[in-house]
């Protein structure tokens, strides 16, 4: 290819880059060869730090840009997108609109934009969600896996120099001295222990989204995973326990809310079972979630107890500003139940029942 002659005006590369490794870097370098501009889509942008997503969008930008020259940096653009586990359509539309904002003219020919990546397994399904763009397949980078890198990074506190560039290594060494790393390493070891104990088991949990007027009841988690994060009251369904029974038991244990089943059950609006391969760090998980709405002249008193260090009634209007403070997919679940985000009918929602 002649210098300065590009096949595409813009090349889009989607990933989480947690962290960027040599495979990512090779793909980015290839993108700058075939495209006039490179758009790097940073996924999971509104996710609380966890062992799958340890670094914020800003931290990932710094890591990525440290690998390029000043001239190359001028051709690199970033897009931040939140996870939409239960609605790929909104996720796709968000990326499409942001890419179109970057394009400086109205040229929409087939070779204007390319989506670069490699179809390796089921996780690469997103490459088929943008039929308006040409797909540019990259080679297989067998030895570069962010998941395996993070395991070594958190468990053994080692950095594999054969996977990440030297400039990234220095950045990651610096991060190991932070309180974020200490908390994430504790979480990693906790989840690893959970996975050993629950090997080949599917976890069934029950949660309640309880609404009183314009307020939602949330807890703050006492322990890992998600220590200190907001969540819906809930927990594991015990043997021979019905999901609603388990949800109400957890509601009382975690919030000390004294409302009888007979008061709440008639006010149940929805019962949805949420499942997504990445919804839980502790393996396959199904979350029976009950949306119950009731009215009272005053908010019932609540107090954090058991697995919750705190319980609070929070205005619904505040919830969108708290997205990065939520555990797992609980923010997305709340948006589905409240009707703010309509779920797509696929494997992510296993069952829907409504009164």
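The values are calculated or read from the model by the stated rules, or taken from the named source; none is laboratory data. Everything numeric in this text was worked out from a predicted model, so none of it was measured. With ideal geometry, Cβ positions are generated from the backbone for all residues, glycine too; neighbour counts draw on all protein chains shown.
Within region 85-97, the set of residues being in contact (Cβ under 8 Å) with a residue 40 or more places away in the chain and under 17 Å from residue 12 (Cβ atoms) comprises 88, 95. Of the residues examined, residue 227 is not one that is loosely packed, with under 15 Cβ neighbours inside 10 Å, touching a strand residue (DSSP E or B) at 6+ places or on another chain (Cβ under 9 Å) and closer than 24 Å to residue 187 by Cα.
The single residue among 197, 192, 254 that is crowded, with 21+ Cβ neighbours inside 10 Å and either in contact with a strand residue (DSSP E or B) (Cβ under 8 Å, 6 or more places away or on another chain) or over 23 Å from residue 321 (Cα atoms) (or both) turns out to be 254. Inspect all residues belonging to region 116-128 and state whether any of them is at pLDDT 95 or above and either more than 19 Å from the chain's Cα centre (by Cα) or closer than 17 Å to residue 29 by Cβ (or both). Yes, there is a match, as at least one residue in region 116-128 is at pLDDT 95 or above and either more than 19 Å from the chain's Cα centre (by Cα) or closer than 17 Å to residue 29 by Cβ (or both).
Is there a residue in region 220-230 that is in contact with a helix residue (DSSP H, G or I) (Cβ under 8 Å, 6 or more places away or on another chain), modelled with pLDDT of 95 or more and part of a strand (DSSP E or B)? Yes. Region 1-77 holds helices (runs of 4 or more DSSP H) entirely within its bounds, and those carrying 2 or more residues that are under 18 Å from residue 181 (Cα atoms) map to 57-65.
Could you please let me know if residue 23 is farther than 24 Å from residue 282 by Cβ and crowded, with 21+ Cβ neighbours inside 10 Å? Taking the combined requirement at face value, the residue does not satisfy it.
What number goes with the only condition from (1) in contact with a strand residue (DSSP E or B) (Cβ under 9 Å, 6 or more places away or on another chain); (2) surrounded by 15 or more Cβ atoms within 10 Å (Cβ to Cβ); (3) free of Cβ contacts under 8 Å to residues at least 40 places away in the same chain that residue 185 does not pass? Against the list (1) in contact with a strand residue (DSSP E or B) (Cβ under 9 Å, 6 or more places away or on another chain); (2) surrounded by 15 or more Cβ atoms within 10 Å (Cβ to Cβ); (3) free of Cβ contacts under 8 Å to residues at least 40 places away in the same chain, residue 185 comes up short only on (1).
Of the listed requirements (1) closer than 30 Å to residue 336 by Cα; (2) touching a helix residue (DSSP H, G or I) at 6+ places or on another chain (Cβ under 9 Å); (3) crowded, with 19+ Cβ neighbours inside 10 Å, residue 63 misses just one: (1). Test residue 283 against the stated conditions and say whether it is in contact (Cβ under 8 Å) with a residue 24 or more places away in the chain and either within 30 Å of residue 299 (Cα to Cα) or more than 22 Å from the chain's Cα centre (by Cα) (or both). No. Among residues of region 26-46 being in contact with a helix residue (DSSP H, G or I) (Cβ under 7 Å, 6 or more places away or on another chain) and over 27 Å from residue 6 (Cβ atoms), the one that is surrounded by the fewest Cβ atoms within 10 Å (Cβ to Cβ) is 46. In region 3-23, the residues that are in contact (Cβ under 8 Å) with a residue 40 or more places away in the chain reach residues that are surrounded by fewer than 18 Cβ atoms within 10 Å (Cβ to Cβ) and assigned to a strand (DSSP E or B) with C-beta atoms within less than 6 angstrom, at least six apart or across chains, in these pairs: 9/36.
Number of residues in region 70-92 that are surrounded by fewer than 14 Cβ atoms within 10 Å (Cβ to Cβ), under 16 Å from residue 127 (Cα atoms) and modelled with pLDDT of 95 or more: the value is 0.
Quick check, is residue 252 outside any loop (DSSP other than H, G, I, E, B), without any contact (Cβ under 8 Å) to a residue 12 or more places away in the chain and closer than 15 Å to residue 206 by Cα? Yes, satisfied.
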